Amino acid sequence: MAETEYMTLGGGCFWCTEAAFLELDGVQRVEPGYAGGHDPSPTYESVCSGRTGHAEVVRVGFDPDVLPLNALLEVFFTVHDPTTRDRQGADVGTQYRSVVLYENEEQERVARAVMERLQADGVWPDAFVTEVAPLTRFFPAESYHLDYYRRNVGQPYCQVVISPKLAKVRREFAHRIRGA
């Protein structure tokens, strides 16, 4: 088993991306949080205001021998729309932007290569607007956000927004699903 690698990704509401990544074999940890802003002590309420500059993100810990970074990023670019600026569905604001926050040059290289390949393959009809930048600081979200989908699966947002994303991941990445 390889040493755990971490990648921080924002693709709209962190409840959605957390739920999708928890499905994947090789993912060891998913922590929702905030990154990419200027406020030294962001909270969910302050980030939702759009004034902190932070994005809702997840910090994914994964085993690259089981789930290579390029595969993790393919799931990421499938579970959200990387072509819409500052929005995912009804969630609108800079806190919902598409962002890849890398921890080293290799992660940056792989992220840009995956984006170029998916763009060339026409996976999305419009150009990617995903921000690619170094991770400067990750702020963990409040504990009530952890494992949100599994704890609230019956809530309307979970049923209408998150469940269809999970179905798409399970369908398109069946070979990557934990226990498959």
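The values are calculated or read from the model by the stated rules, or taken from the named source; none is laboratory data. No experiment lies behind these values; they were computed from the predicted model shown. Virtual Cβ from ideal backbone geometry, glycine too; neighbours counted across all protein chains shown. In case anyone asks, the SASA skips ligands and DNA or RNA and just uses the protein heavy atoms, side chains included. Shrake-Rupley method; radii C 1.70, N 1.55, O 1.52, S 1.80 Å.
One residue alone among Thr78, Thr17, Thr52, Thr84 is touching a helix residue (DSSP H, G or I) at 6+ places or on another chain (Cβ under 8 Å), farther than 19 Å from Phe138 by Cβ, β-branched (Val, Ile, Thr) and not in a strand (DSSP E or B), and that residue is Thr78.
Of note, Val66 does not satisfy the criterion of being buried (at least 24 other Cβ atoms within 10 Å of the Cβ) and among the hydrophobic types (A, V, I, L, M, F, W, C).
Each residue in segment 1-26 was checked for being hydrophobic (A, V, I, L, M, F, W, C), open to solvent by 30 Å² or more (accessible area, probe 1.4 Å) and farther than 23 Å from Val79 by Cβ, and 1 of them qualify.
Between Pro32, Pro42, the distinction of being in a loop (DSSP other than H, G, I, E, B), within 19 Å of Pro134 (Cα to Cα) and touching a strand residue (DSSP E or B) at 6+ places or on another chain (Cβ under 9 Å) belongs to Pro42 only.
Just checking, does segment 72-88 include any residue being closer than 23 Å to Tyr149 by Cα, of a type in the set (A, V, I, L, M, F, W, C) and open to solvent by 30 Å² or more (accessible area, probe 1.4 Å)? No, segment 72-88 contains no residue that is closer than 23 Å to Tyr149 by Cα, of a type in the set (A, V, I, L, M, F, W, C) and open to solvent by 30 Å² or more (accessible area, probe 1.4 Å). Selection within segment 155-175: residues that are free of Cβ contacts under 8 Å to residues at least 40 places away in the same chain and aliphatic (A, V, I, L, M). The member of this set that is farthest from Leu72 (Cα to Cα) is Val160. The numbered conditions (1) under 19 Å from Asn104 (Cβ atoms); (2) open to solvent by less than 20 Å² (accessible area, probe 1.4 Å); (3) charged (D, E, K, R) are all true for Arg29 except (2). Of the residues making up segment 146-161, those that are touching a strand residue (DSSP E or B) at 6+ places or on another chain (Cβ under 9 Å), under 23 Å from Tyr6 (Cβ atoms) and either open to solvent by 40 Å² or more (accessible area, probe 1.4 Å) or basic (Lys, Arg) (or both) are Leu146, Asp147.
Restricting attention to segment 56-75, the residues that are under 22 Å from Ser163 (Cα atoms) and either out of contact with any Asp or Glu (no Cβ under 6 Å at 6 or more places or on another chain) or in a loop (DSSP other than H, G, I, E, B) (or both) total 8.
Residue count for segment 87-97, restricted to those that are assigned to a loop (DSSP other than H, G, I, E, B) and over 14 Å from the mean Cα position of the chain (by Cα): 3. Applying the criterion of being within 13 Å of the chain's Cα centre (by Cα) and crowded, with 18+ Cβ neighbours inside 10 Å to the residues of segment 47-61, the residue that is nearest to Glu131 (Cα to Cα) is Ala55. Within the bounds of segment 167-177, is there any residue that is assigned to a loop (DSSP other than H, G, I, E, B), out of contact with any Lys or Arg (no Cβ under 8 Å at 6 or more places or on another chain) and either of a type outside the set (Asp, Glu) or over 24 Å from Glu108 (Cα atoms) (or both)? Looking through segment 167-177, at least one residue is assigned to a loop (DSSP other than H, G, I, E, B), out of contact with any Lys or Arg (no Cβ under 8 Å at 6 or more places or on another chain) and either of a type outside the set (Asp, Glu) or over 24 Å from Glu108 (Cα atoms) (or both).
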